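Engineer: Next up is a structure, given as structure tokens.
Nothing in this text is a laboratory measurement; each read-out follows from the coordinates by a stated rule. As the structure is a prediction and not an experimental result, all values here were calculated from the model. Positions of Cβ are generated from backbone atoms using ideal geometry, with glycine treated the same way; all protein chains shown enter the neighbour counts.
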Amino acid sequence: MSYSSYRLRHPLTEKSNRADQEAAKEADVAGPWHIEEIPALGFGLFREGESLTRGCRPAAVFPDRWLALLAAACLPARRST
């Protein structure tokens, strides 16, 4: 093994990397969310600021509005601190 391919592991660095990965996972589902009707498909779940008219893809599409509302209620929203 060459010296350049050897990587030292430091407990604080590893903990920081895990925290970054967790934050990235949370950002994927962070809201707030809104629902838009998508013709011939159903109802799309979009993050605030995103829209079908802006060319954004919905996070999910549901056949019924109540299912989209339920999903939006279950997903976390960003908290302002």
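Engineer: Order of 48-55, 60-67 by packing, highest average Cβ count within 10 Å first?
Structural biologist: Peptide ranking by packing, descending: 60-67, 48-55.
Engineer: I've got another one for you. Over 14 Å apart: what share of the alpha carbon pairs of the range 42-81 falls there, rounded to a whole percent?
Structural biologist: When every Cα pair of the range 42-81 is considered, 48 percent fall beyond 14 Å.
Engineer: Please list, in order along the range 33-41, the HN-Hα scalar couplings obtained from phi with the Karplus expression 6.51 cos²θ - 1.76 cosθ + 1.60 (θ = phi - 60°), rounded to whole Hz, x for Gly and Pro.
Structural biologist: 10, 9, 10, 10, 6, 10, x, 6, 10
Engineer: Under 5 Å between amide H atoms, partner at least 5 residues away or on a different chain: which partners does residue 56 have, H built in plane at 1.01 Å?
Structural biologist: Under 5 Å from the amide H of residue 56: 51.
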